[in-house]
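Structure, as structure tokens:
The values are calculated or read from the model by the stated rules, or taken from the named source; none is laboratory data. These numbers come from a predicted model, not from an experiment. Cβ: placed from backbone, ideal geometry, glycine included. Neighbour counts: every protein chain shown.
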Amino acid sequence: MSGLVPPEWLSAQEQRLYRTVSFYRPSTGGGSNFEGLYPIDHKERVCRLMVSLFNPLMTWLTVLLILFFGKTLYNDELSGMILAAFYLFGTIAWPHSRPFYTESLATLCLLGSLLPAWRMGQETGCQRLVAKAGGAGAFLGLAVLARLDSVVAGPGLCLVGIASLYKVWQARGGKAAATALLSGIAGCVCLVAIHPVLNWLRFGSVLASGYSDQPRGSISGFHSLTASGFI
């Protein structure tokens, strides 16, 4: 990735930021408290640039998904736009250059799971039904892969999925509903199963993580599962 970003272009952007934003001037503002604001190593500088773009990208993708979900939920384009606007203005104050946030990625994935779980009850085609059920499970698995505490949204998403499967069962019978259910479970399990593999590759143990040296309450060992390979 670093080879795709010319050092001269990146230096020009840093100089522009230095001139226009007082915080980043070493002699004034908060920037005076930070040493090595711009790393010398080009790869580290590119990594910082990519990280700074991650949250805005996730926010805009989430806004677009909320817009589509609002139009589907209320069957009205204006309602979808209002719903998306509320989310956008509610998150517009998020800093643009913090470390890699998994919260925004997990939010996007949870919403990506909710939408097909909601719509599969309206599906009439067998292949599309299985695809939506599998997509709902896969997005839930991605959310858990990004942040383990995303499991707290699991029961709510399961209730939405059960309601949709009940509609499928009424319209097409138990076989179609069971097939969709198995597809959703398979999609979720396949993604969640990557979690311990990433921990093993990154930290040398299935139960080890980047937070292993930070005690978390009295639940021994639980903290070791709260980070994935994304962190």
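Screening the range 85-116 for residues that are over 17 Å from the mean Cα position of the chain (by Cα) and in a helix (DSSP H, G or I) and picking the one that is modelled with the lowest pLDDT gives Gly90.
For Val144, are the conditions met, namely being closer than 30 Å to Ser205 by Cβ and assigned to a helix (DSSP H, G or I)?
yes
Every listed requirement among (1) modelled with pLDDT of 90 or more; (2) farther than 30 Å from Cys126 by Cβ; (3) not acidic (Asp, Glu) is met by Ala143 save one, (2). Among the residues making up the range 122-146, those that are of a type outside the set (A, V, I, L, M, F, W, C) and surrounded by fewer than 22 Cβ atoms within 10 Å (Cβ to Cβ) are Gln122, Thr124, Gly125, Gln127, Arg128, Gly134, Gly135.
With respect to (1) over 20 Å from Thr72 (Cβ atoms); (2) buried (at least 19 other Cβ atoms within 10 Å of the Cβ); (3) hydroxyl-bearing (Ser, Thr, Tyr); (4) modelled with pLDDT of 90 or more, the lone exception for Ser164 is condition (1).
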